[in-house]
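**Student:** I am attaching a structure below and will ask some questions about it afterwards.
Since every read-out is calculated from the coordinates, none of them should be taken as a lab result. Model, not experiment: these values are computed from the prediction. So basically every Cβ, Gly included, is an ideal-geometry build from the backbone, and we count neighbours across all protein chains shown.
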Amino acid sequence: LGAIGSGGLSVIHVVDVLALIVPSNCFPNQYTEEEARKLGVVGWVKNTSQGTVTGQVQGPEDKVNAMKSWLSKVGSPSSRIDRTNFSNEKEISKLDFSGFSTRY
């Protein structure tokens with residue numbers, strides 16, 4: 001695929017499902033937000049009632065891939081990553097978010 005527009009930003013949209021076992025006193029999304037901001041990606045993250053974390057990550061492909069790697073291999077302290085599933089990956093022409101946040 002070629003560049004989007006002249007000088008446009010090529011971005012990837014990722015919906016991920018991250019299975020975690022998290023102690024009740026741990027706030028995993030705080031660490032996810034910090035890592036996303038550090039890497040320069042935007043989107044959101046949310047805990048589900050099934051004990052998983054779901055969300056969307058958008059940004060330049062290399063930064064999205066770095067975030068996917070962090071979500072798969074590092075994650076937040078005191079959490080165990082059982083598996084990660086990344087789906088709905090596609091190239092988009094503009095970002096849908098201006099920052100990274102936790103949804104409730």
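**Student:** Modelling each spin label as a point 7 Å along the Cα-to-Cβ direction, I'd like the GLN30/THR54 distance in nm, to one decimal.
**Tutor:** 2.5
**Student:** Students often forget the sequence filter, so: which lysines lie under 17 Å Cα-Cα from LYS38 once same-chain residues fewer than 8 apart are removed?
**Tutor:** The qualifying lysines are LYS63, LYS68, LYS73.
**Student:** So what's the projected area for region 40-104, the Cα convex hull averaged over all directions, in nm²?
**Tutor:** 4.9
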